[in-house]
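Chemist: Structure provided below as structure tokens; questions to follow.
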Amino acid sequence: MKKEEIISYLDTAWVARNLVVHEETVSTNLDAKQLAEEGAESGTLVVSEMQTAGRGRRGRTWISPAGEAVYMSLLLRPSCKPEQASALTLVMALAVLEAVEELKPESCGIKWPNDIVMNGKKICGILTEMSVEKNEISHVVVGVGINANQSSFDQEISETATSLFLELGKRVDRSWLISRVMHHFEEAYEEYEKTWDLTGLVDRYNRHLLNKDRQVRVLDPKEEYEGTALGINAQGELLVRKQDGELTEVYAGEVSVRGIYGYV
Ligand code: BTN
């Protein structure tokens, strides 16, 4: 991937207009964080061909070999409260989904809060990291890993991971894909910043939510329970109707959900 190639597709006003492309790096999330600390502007995007220590959620590693996938991190400086910034993960999930939809997949959706899933397997993961000083956001880094053109996966993840290539049967131009994600992100971010929540995006997100109207098991450390997922609210919490009729709001930072009949 060449910087000029990505730029040739970009139609955004400010997102990814400051673009840094590496052949190899430790983690694009770390690069974006460092650039933020050096004063880089909101909208700066770091892309790399490979990562030597890609970071996943819950302290996991994100295996990041060269050549086939997208590894990128977007630096943002939203002027909202720290607790409102976690919704950015869902804004990015929606942007990736909408970019992938342009490729006309048979089935593609979001597993709450931020996995993009095709035929029951994950094609994208998002890791959002925030830096707060004196209760104010100094910056937020939204890291995105998209399985674009891999033709196979290591055994440990092949049960739950797939790629656009494997699902669509054709290779995807990664520079194009990056620019389309940025296009949809910029548009969704404009909605988000009107209210600093998902009020203007809830319906769009819920339309693509694979968990909607499905039975889920909520893995809450205090109490595990099952219920029916109804959709998200404006804060990005998953509304779950428990079997006894009680309605609960599940916060992504605290718990995860599993489908009762598989990964979704
Ligand atoms: C997950 O565990 O689902 C989130 C994975 C996020 C991986 C991306 S790849 C680009 C960016 N840099 C990182 O080190 N992690 C994120």
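The values are calculated or read from the model by the stated rules, or taken from the named source; none is laboratory data. Please read these numbers as outputs of a predicted model, since none were measured by experiment. Here the Cβ is made from the backbone with ideal geometry for all residues, glycine too, and neighbour counts use every protein chain on show. Ligands, DNA and RNA are excluded from the accessible area calculation, which covers all protein heavy atoms including side chains. Shrake-Rupley method; radii C 1.70, N 1.55, O 1.52, S 1.80 Å.
Chemist: Starting from the coordinates of the alpha-carbon atoms of the chain, obtain the Kirkwood hydrodynamic radius over all distinct pairs and give the value in Å to one decimal.
Modeler: Numbers: mean 1/r = 0.0536 Å⁻¹.
Averaging 1/r across every pair of different Cα atoms and inverting gives 18.6 Å.
Chemist: Sticking with this one: Quick one: what Rg and Dmax do you get for region 38-102 from the alpha carbons, in Å?
Modeler: 13.8, 38
Chemist: If you don't mind, there's one more thing I want to ask. With a Förster radius of 22 Å, plug the Cβ-Cβ distance of Arg17 and Glu37 into 1/(1 + (r/R0)^6) and report the FRET value to the nearest 0.05. Don't skip to the end; give the middle numbers.
Modeler: Numbers: r = 20 Å, r/R0 = 0.91.
With a Förster radius of 22 Å, E is 0.65.
Chemist: Quick one: Debye curve from the alpha-carbon atoms of region 13-61 only, equal weights, vacuum; give me log10 I(q)/I(0) at q = 0.15, 0.30, 0.31 Å⁻¹ to two decimals.
Modeler: For the requested q values the scattering log ratios are -0.41, -1.10, -1.12.
Chemist: For the chain, which whole percent of the accessible surface, found with a 1.4 angstrom probe, sits on carbon and sulfur atoms?
Modeler: Details: 5600 of 12240 Å².
The value for the chain is 46 percent carbon and sulfur by accessible area.
Chemist: Now, a different point. What are the trypsin sites (Lys or Arg not before Pro) within region 87-168 that DSSP puts in a loop, where the Cβ has at most 10 other Cβ atoms within 10 Å? Don't skip to the end; give the middle numbers.
Modeler: Values: sites: Lys111, Lys121, Lys122, Lys134; in loops: Lys134.
Qualifying residues, ordered by number: Lys134.
Chemist: Quick check on region 74-161: what does the Kirkwood estimate of hydrodynamic radius come out to from the alpha carbon pairs, in Å? Walk me through the intermediate numbers first.
Modeler: Numbers: mean 1/r = 0.0701 Å⁻¹.
14.3 Å is the Kirkwood radius here.
Chemist: Run through the DSSP bridge list for the chain and note the antiparallel percent, rounded to the nearest 5. Let's see the in-between values first.
Modeler: Numbers: 46 of 53 bridges.
For the chain, the DSSP antiparallel bridge percentage is about 85.
Chemist: Also: Could you compute Rg(Cα) / (2.2 N^0.38 Å) for region 156-206, with N its residue count?
Modeler: Normalised Rg, Cα atoms only: 1.57.
Chemist: Enumerate the amide H contacts of Val21 below 5 Å, restricted to partners 5 or more residues apart or on another chain; note that Pro and chain-start residues carry no placed amide H.
Modeler: Those lying under 5 Å, H to H, from Val21 are Val47.
Chemist: Any idea of Glu4's accessible area? Nearest 10 Å², probe 1.4 Å.
Modeler: Here the accessible area works out near 120 Å².
Chemist: Relative to the Cα centre, what is the charge dipole magnitude of the chain, using +1 at the beta carbon of each Lys and Arg, -1 at the beta carbon of each Asp and Glu, and rounding to the nearest 20 debye? Don't skip to the answer; put the middle values down first.
Modeler: Working: 29 positive and 42 negative charges, 87 e Å.
The calculated dipole for the chain is roughly 420 debye.
Chemist: Here's a follow-up. Could I get the Rg over Rh figure for region 141-264? Both from C-alpha atoms, Rh via Kirkwood, rounded to two places.
Modeler: Details: Rg = 17.1 Å, Rh = 16.9 Å.
Ratio value, two decimals: 1.02.
Chemist: A follow-up question, please. Counting only heavy atoms of the protein chains, get the accessible area per residue of the chain (1.4 Å probe) and round it to a whole Å² value. Walk me through the intermediate numbers first.
Modeler: On the way: 12240 Å² over 264 residues.
Value for the chain: 46 Å² per residue.
Chemist: Right, next: Got a sec? Which residues in region 1-41 would a label at Ile157 touch, if it sits 7 Å along Cα→Cβ and we count backbone N under 15 Å?
Modeler: 27-29
Chemist: Based on alpha-carbon centroids, what's the gap between region 189-247 and region 19-49 in Å, whole number please?
Modeler: Distance between centres, Cα-based: 31 Å.
Chemist: Apply the Kirkwood formula to region 1-90: the hydrodynamic radius equals the inverse of the mean of 1/r over all pairs of different alpha-carbon atoms; give it in Å with one decimal. Walk me through the numbers before you get to the answer.
Modeler: Details: mean 1/r = 0.0714 Å⁻¹.
Taking the inverse mean of 1/r over all distinct Cα pairs, region 1-90 comes out at 14.0 Å.
Chemist: Gain in length, Thr228 to Lys242, computed as 0.36 nm per residue apart minus the alpha-carbon separation, to one decimal in nm?
Modeler: Working: separation 14, 0.36 × 14 = 5.04 nm, distance 0.66 nm.
Stretched out fully, the Thr228 to Lys242 stretch lengthens by 4.4 nm.
Chemist: Separate question: Convert 10 °C to kelvin, take the viscosity as 1.306 mPa s, use the Kirkwood radius over C-alpha pairs of region 125-194 as Rh, and evaluate the Stokes-Einstein diffusion coefficient in µm²/s, rounded to a whole number. All intermediate terms of the calculation are to be shown ahead of the outcome.
Modeler: Numbers: Rh = 14.8 Å.
The Stokes-Einstein estimate is 108 µm²/s.
Chemist: Do any trypsin sites (Lys or Arg not before Pro) in region 157-217 lie in a DSSP loop with no more than 11 other beta carbon atoms within 10 Å, and if so, which? Don't jump to the answer; show the numbers that get you there.
Modeler: Values: sites: Lys170, Arg171, Arg174, Arg180, Lys194, Arg204, Arg207, Lys212, Arg214, Arg217; in loops: Lys170, Arg171, Lys212, Arg214.
For trypsin sites (Lys or Arg not before Pro) across region 157-217 that sit outside H, G, I, E and B with at most 11 neighbouring Cβ atoms in 10 Å, the list reads Lys170.
Chemist: Now, a different point. Select from Val140, Val21, Val91 the residue whose mean-square fluctuation is largest in a Gaussian network model of the chain (Cα-Cα springs shorter than 10 Å).
Modeler: Per the Cα network of the chain with a 10 Å cutoff, Val21 tops the list.
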